[in-house]
1. Taking amide H positions as placed in the peptide plane 1.01 Å from N, state which residues far from Gly76 in sequence (5 or more) or on other chains have amide H under 5 Å from it.
2. Can you give me the Cα centroid spacing of segment 70-134 and segment 29-56 in angstrom?
3. Taking just the alpha-carbon atoms of segment 10-117, what radius of gyration and Dmax come out, in angstrom?
4. So what is the accessible area of the chain per residue, in Å², with the probe set to 1.4 Å?
5. Would you mind telling me which residue in Ala75, Ala137, Ala57 has the biggest mean-square fluctuation in a Gaussian network model of the chain, where springs connect alpha carbons within a distance under 10 angstrom?
6. Go ahead and estimate [θ] at 222 nm for the chain from helices alone: -39,500 (n - 2.57) per DSSP H run with n ≥ 4, summed, over the residue count, rounded to 500.
7. Share of the chain's accessible area from carbon and sulfur, percent, 1.4 Å?
8. Let me know the Rg and Dmax you get for segment 111-160 when you use only its Cα atoms, in Å.
Amino acid sequence: MAGSLSGLRVAFLVAGEGVEQVELTRPWQAVEQAGGLPELVSVSSGSVRAFHHLDKADTFPVDRIVTDADVADYAGLVLPGGVANPDALRRVPEAVRFVAEFFADQKPVAAICHAPWTLIEADVVRGRRMTSYPSLATDLRNAGAEWTDERVVVDSGLVTSRNPDDLDAFCEKAVEELAEGRHRSQARSAPGSGTG
């Protein structure tokens, strides 16, 4: 896997329940294997409940609640999917603000499956080339993104993939973009950038 994340902290933002477990654990392992320090950020303290599709899976301890998290502390952001997870996140203004700040700060963001729903809410997809779970294609196009059906799409620090079958490609590109650091053009889709 290309790129070293030695000592770099990476935020994984999830709701209190509904995250697709493998879309949390596989990128988490990839970040650790590259020397990075993943942190689980959520909307409340305690633990989050992951799912295997519609079935309850394991719980994971929250490292930091989003209201106490500072984008300056992280090299980048990973947004795992699951249907319920991003749907819940996009209704939490602090979570939406946290996501938007990574774009404004030109830091890499990796989102898989249904996670781009949160990106849409943060108004950071306009003019970006992206993929997602196919059912989000219309939502992304309506929000100004160019949607394409590919395993992984990289657009200037933004990494997107469709589903768990794409995790190998997603993890590789996410680590690569995180290792590259800031991407100046990442901020072009941030709210208030004047380019949308």
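1. Ala11
2. Taking the Cα centre of segment 29-56 as reference, the centre of segment 70-134 is 15 Å away.
3. Cα only, segment 10-117: 12.4, 36 Å (Rg, Dmax).
4. In whole numbers, the chain has 42 Å² accessible per residue.
5. Answer for the Gaussian network model of the chain: Ala57.
6. -8500 deg cm²/dmol
7. In the chain, the share of accessible area belonging to carbon and sulfur is 45 percent.
8. When restricted to Cα atoms, segment 111-160 yields Rg and Dmax of 9.1, 24 Å.
The values are calculated or read from the model by the stated rules, or taken from the named source; none is laboratory data. Model, not experiment: these values are computed from the prediction. No Cβ is skipped: glycine too gets one built from the backbone with ideal geometry, and neighbour counts run over all protein chains shown. Please note that ligands, DNA and RNA were not included when accessible areas were found on the heavy atoms of the full protein model with its side chains. Shrake-Rupley method; radii C 1.70, N 1.55, O 1.52, S 1.80 Å.
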